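Here is the structure we will look at, set down as structure tokens.
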There are 4 protein chains.
Amino acid sequence: MKITLPVIVVNFKTYTESIGEKGLKIAKAAEEISNNTGICIVVAPQHTDIRLIANQVNIPVFAQHIDPYAPGSHTGYILPEAVAEAGAVGTLINHSEHRLILADIDETIRRAKEAKLKTIACSNNPEVSASICALSPDFCAYEPPDLIGTGISVSTAKPEVVTKAVELMQKINPQVIPLCGAGISTGKDVTAAIKLNTKGVLLASGVVKAKDPKAVLKEMAEAAQKTL
Amino acid sequence: MKITLPVIVVNFKTYTESIGEKGLKIAKAAEEISNNTGICIVVAPQHTDIRLIANQVNIPVFAQHIDPYAPGSHTGYILPEAVAEAGAVGTLINHSEHRLILADIDETIRRAKEAKLKTIACSNNPEVSASICALSPDFCAYEPPDLIGTGISVSTAKPEVVTKAVELMQKINPQVIPLCGAGISTGKDVTAAIKLNTKGVLLASGVVKAKDPKAVLKEMAEAAQKTL
Amino acid sequence: MKITLPVIVVNFKTYTESIGEKGLKIAKAAEEISNNTGICIVVAPQHTDIRLIANQVNIPVFAQHIDPYAPGSHTGYILPEAVAEAGAVGTLINHSEHRLILADIDETIRRAKEAKLKTIACSNNPEVSASICALSPDFCAYEPPDLIGTGISVSTAKPEVVTKAVELMQKINPQVIPLCGAGISTGKDVTAAIKLNTKGVLLASGVVKAKDPKAVLKEMAEAAQKTL
Amino acid sequence: MKITLPVIVVNFKTYTESIGEKGLKIAKAAEEISNNTGICIVVAPQHTDIRLIANQVNIPVFAQHIDPYAPGSHTGYILPEAVAEAGAVGTLINHSEHRLILADIDETIRRAKEAKLKTIACSNNPEVSASICALSPDFCAYEPPDLIGTGISVSTAKPEVVTKAVELMQKINPQVIPLCGAGISTGKDVTAAIKLNTKGVLLASGVVKAKDPKAVLKEMAEAAQKTL
């Protein structure tokens, strides 16, 4: 399950609109748009829905979070091997709504690699983006917390901060693929993000809470396509 | 999906032995023993396996943990409604390996009720057991942390502490059903627990890591049956 | 250093207005009012100011928080013995802005007793108040989080909830002395709190951020005096 | 209060041997040795002892931890401005025993600068050391957790890991001054640490729990002096 660039990552969060069959429907829409446009779309459902969705769609499914533990006595925590077994091929790490202790980000990235999971580590400003890149995740998604969920896009509202974040990331570790997120809700936002040298976007409400998620995904994927 | 007493609750933790199909096999063994003996056996798999197991067995499936949040922006957390939608009928709360802030235990129990999930709140000593009972979970499982995973059973090693815990719980809130756990690995341990006025046991490695989980479950369920 | 009832507890929080010499000035005002009225006033400065204030005033000084640890390798945490050695005679526990894991509240109360510190454990609703009383702190201060810092007093805005909280606390453990807090800023608020069967109030901004903290303390202490 | 290199940083932790007057005695010994050798010795007492010690010794006093908050409603947390007002000129951050969320390390370093506090951020391996250096603390102290408190010195047991950590740190941010710690208990350990291109050591039990802390400090400072 290869992740091609640019990529659109859809975080299902814990929205009512994305639980169970409703999430599956969004995932199937994403699969269709991805097939039609050739643009990679990743979906990140809740842990309880990973298996349901991974079984029925042929696009990359990510977890929203994993814990840094090895198999053992860790009641209620999320084992990298368990999300992989359920069909996930990657995971978000350190999302703005689920921040981790630095040493745990490091260990989580290591554990994810052992479980053959790709990692998208999230950051809240350019300095933290740089800091995360020193830990070698596959992707680093810069998301200013004050724009998350607002519909005001980071790529249009703070273009110079995205540029600064991408520059710092590249300087620290050019292997890490830069993404950005927060407020992304239109094809234009996606275009802007890619023009700022990111390789894609991380978003949630812009698609999940849209009246017509498939239409928004289509607009975004086509915008991404035009940047190629 | 009614929970009858006495009950045997099997926590799958994040053991290698209980991921995915392996967990399903243990759940099916539990279902068979439960059918044969009439003793209620609850299984608590990892979140990623709840749907898989709830779809294929006809015994109560619990989550190992839920978070106190309402639907919304809580990336990577475990929504009560999501585990319910996946097929869980209850949840562990505040397990010794996943302790919660007091106000969150209170809120989690409230949220679980809203999602129609039964709650087993765990405690580490008699005082904390009493404290938890003031928050009105359905069950309170007292588990001394120093015995968890040892194979030395709380019901034989610390009978007087179990008795004290049960007395305190009943005094604070006689509606809460007392369980005990830690080190439970034989039918004899189950018998001892029930004789100490608990209504069942919470266990993990004693079954999950046993050479023959079904044989252990059979021994335990038959021991429970004899106390009726 | 005996704590007599009713008691007025002034939490200095981390306000600019209460750091160092500024906090000492408020503490001296509290001492003077306490001497003049016979009403016990407790001050809870930041950890760095405990020694400064305890050395120079003759009223009870409390810590705002302690950690549940025994002496050892716990860099940056607050040892019960250390705050006692600096002159504190008690501590707040589980303040709404500093909530603790349930098992840690239990252990912190135990550790405080070992260090001969009185404990005021805070709660956010009647159920949590009851839950805390099962752990036998010396005092339980019920503070609805939505009123903290508003100047809208719990004792006038939610009298029936205070009454319910006090009743639940007394039922669980009549040894625990009930206090209430949130929004307390006038003598009238103190009177109302005591009429609702609490034995005093916990407050912060009402005094610390007042134009004339001494005048507010005088009004409050005189109001408390009239209830005797 | 200038910090000259190489530097010896003594973390008092929450040891019984370093509370109050006992800590002051160790600080006075450190001051005497520092005056005699010209080697900078920093002491990091508990928060309750910062003022006591800073008032009476003329060497740099650091906090063991600060919180990332601005003045306000943060009951029981450690305000940068409060430790500065009490006499501290710097602080440890993210000690192995007190690990922080990545975004909080970033914010804590920023808040420390605002309060004119020097920062020693701690790390547990070379990658995390690099990650921390991207956040521009004044110092980064690499301490492998498995050697802390053992008396087996990082500089003799893991010289190649110290070298790797220092190289990574310098590559990411040559402004950050590298230190190392864990198991440092003799002058020889200090010599070894400095030969590995660190600019000093962070230690605790090696001095605080020594039979004769002053003698150990003398041996260490003289060893440091010989590297000049």
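The modelled label-to-label distance for the pair A:GLU32/A:ASN197, using points 7 Å beyond Cα in the direction of Cβ, is 3.8 nm.
Could you tally the net charge around C:ASN55, taking each other residue with its Cβ under 15 Å from the Cβ of C:ASN55, Lys/Arg +1 and Asp/Glu -1?
-2
With the simple spin-label model, which puts each label point 7 Å out from Cα in the Cβ direction, the C:THR16 to B:ASN55 separation comes to 5.9 nm. Using a ≥ b ≥ c from the Cα gyration tensor of the stretch B:133-228 (square roots of the eigenvalues), is it rounded, prolate or oblate, where a/c under 1.5 gives rounded and otherwise the larger of a/b and b/c decides, a/b for prolate? Prolate, since a/c reaches 1.5 and a/b exceeds b/c.
Take the stretch C:72-228 with all the other protein chains still there, run a 1.4 Å probe, and you get 36 Å² of accessible area per residue.
Over chain C, what is the relative contact order in percent, taking alpha-carbon pairs closer than 8 angstrom and at least six residues apart? Display every interim value, and only then the final one.
Details: 503 pairs, mean separation 44.2, N = 228.
Relative CO of chain C lands at 19 percent.
Accessible area of D:TYR142 (1.4 Å probe, protein heavy atoms only, ligands and nucleic acids ignored): about 10 Å². The dipole here belongs to the protein assembly as shown: it is taken about the Cα centre, uses +1 on the Cβ of Lys and Arg and -1 on the Cβ of Asp and Glu, and is about 0 debye.
Compute the orientation-averaged projected area for the stretch B:1-136 from the convex hull of its Cα atoms and round it to one decimal in nm².
On the way: hull surface 33.1 nm².
About 8.3 nm², averaged over all directions.
Across the identical copies, the 7 Å label point of C:ARG110, projected outward along Cα→Cβ, sits 2.9, 3.3, 4.1 nm from its counterparts, in ascending order. Electrostatic bookkeeping for C:VAL166 treats Lys and Arg as +1 and Asp and Glu as -1; over the other residues with beta carbon under 14 Å from its beta carbon, the sum is +1.
Of all chain A residues, the one whose Cβ lies closest to the rotation axis that maps A onto C, given with that distance rounded to whole Å, is A:ILE101, 8. The same position B:ASP146 in the other copies lies at 2.8, 4.4, 5.2 nm from this copy, comparing label points 7 Å beyond Cα toward the beta-carbon, shortest first.
Only Lys, Arg, Asp and Glu count, each charged at its Cβ (+1, +1, -1, -1), so figure out the dipole size of chain C about its Cα centre, rounded to 20 debye. Don't skip to the answer; put the middle values down first.
Details: 23 positive and 23 negative charges, 100 e Å.
Computed charge dipole of chain C: roughly 480 debye.
Between the stretch A:147-198 and the stretch A:204-224, what is the C-alpha centre distance in whole Å? When both Cα centres are located, 17 Å separates them.
Among the protein heavy atoms, those of C:CYS122 account for about 0 Å² of accessible surface (1.4 Å probe, every chain in place). Answer rounded, prolate or oblate for the stretch D:67-128, using the Cα gyration tensor with square roots of eigenvalues a ≥ b ≥ c: rounded when a/c is under 1.5, else prolate when a/b is larger than b/c, else oblate. Because a/c hits 1.5 or more and a/b exceeds b/c, the stretch D:67-128 counts as prolate.
Run the numbers on the stretch C:1-87 and let me know its relative contact order in percent, using alpha-carbon pairs under 8 Å that are six or more apart.
Working: 129 pairs, mean separation 24.2, N = 87.
Relative CO of the stretch C:1-87 lands at 28 percent.
Each 20 Å bin, from zero up to the one with the longest distance, holds this percent of the alpha carbon pairs of the protein assembly as shown: 14, 40, 39, 7, 0. Carbon-plus-sulfur accessible fraction, the stretch D:115-187 (probe radius 1.4 Å, protein heavy atoms only): 55%.
In nanometers and ordered shortest first, the copy-to-copy spacing of the C:PRO159 label point, defined 7 Å from Cα toward Cβ, is 5.5, 6.2, 7.8. Annotation for the stretch B:1-25 versus the stretch B:29-78: alpha-carbon center distance of 7 Å.
Comparing the full protein assembly with the isolated chain, the residues of the stretch C:54-74 losing at least 10 square angstrom of accessible surface (1.4 Å probe) are C:GLN64, C:PRO71, C:GLY72, C:SER73, C:HIS74. Scalar couplings 3J(HN,Hα) for the stretch A:150-159, obtained by applying the Karplus form with A = 6.51, B = -1.76, C = 1.60 to θ = phi - 60°, are 8, x, 8, 7, 3, 6, 9, 7, 10, x Hz; x denotes Gly and Pro. Find out how many positive minus negative residues lie around C:PRO213, taking Lys and Arg as positive, Asp and Glu as negative, among other residues whose Cβ is under 12 Å from that of C:PRO213. Spelling it out: positives minus negatives among the neighbours equals +3.
With every protein chain left in place and a probe of 1.4 Å, what is the accessible surface of D:LYS218, to the nearest 10 Å²? So the heavy atoms of D:LYS218 present about 100 Å² to solvent.
Calculate, for C:ASP146 and B:ALA115, the FRET efficiency according to 1/(1 + (r/R0)^6) with r their C-beta to C-beta distance and R0 25 Å; round to the nearest 0.05. It comes out at approximately 0.55.
For chain D, what does the alpha-carbon gyration tensor say about shape, rounded, prolate or oblate, given a ≥ b ≥ c as the root eigenvalues, a/c under 1.5 as rounded, and a/b over b/c as prolate? Mind showing how you got there, number by number?
Values: a/c = 1.61, a/b = 1.07, b/c = 1.51.
It comes out oblate by the Cα gyration axes.
Scaled to the compact-protein estimate 2.2 N^0.38 Å, what is the alpha-carbon radius of gyration of the stretch D:1-81, rounded to two decimal places? Could the numbers behind the result be given before it?
Values: Rg = 13.5 Å, N = 81, 2.2 N^0.38 = 11.7 Å.
Relative to the rule-of-thumb radius for its length, the stretch D:1-81 sits at 1.16.
The values are calculated or read from the model by the stated rules, or taken from the named source; none is laboratory data. None of the values given here were measured: they were computed from a predicted structure. Methodologically, a virtual Cβ is constructed for each residue, glycine included, from the backbone with ideal geometry; neighbour enumeration extends over all protein chains shown. Just the protein is used for accessible areas: all its heavy atoms, side chains included, with ligands, DNA and RNA removed. Shrake-Rupley method; radii C 1.70, N 1.55, O 1.52, S 1.80 Å.
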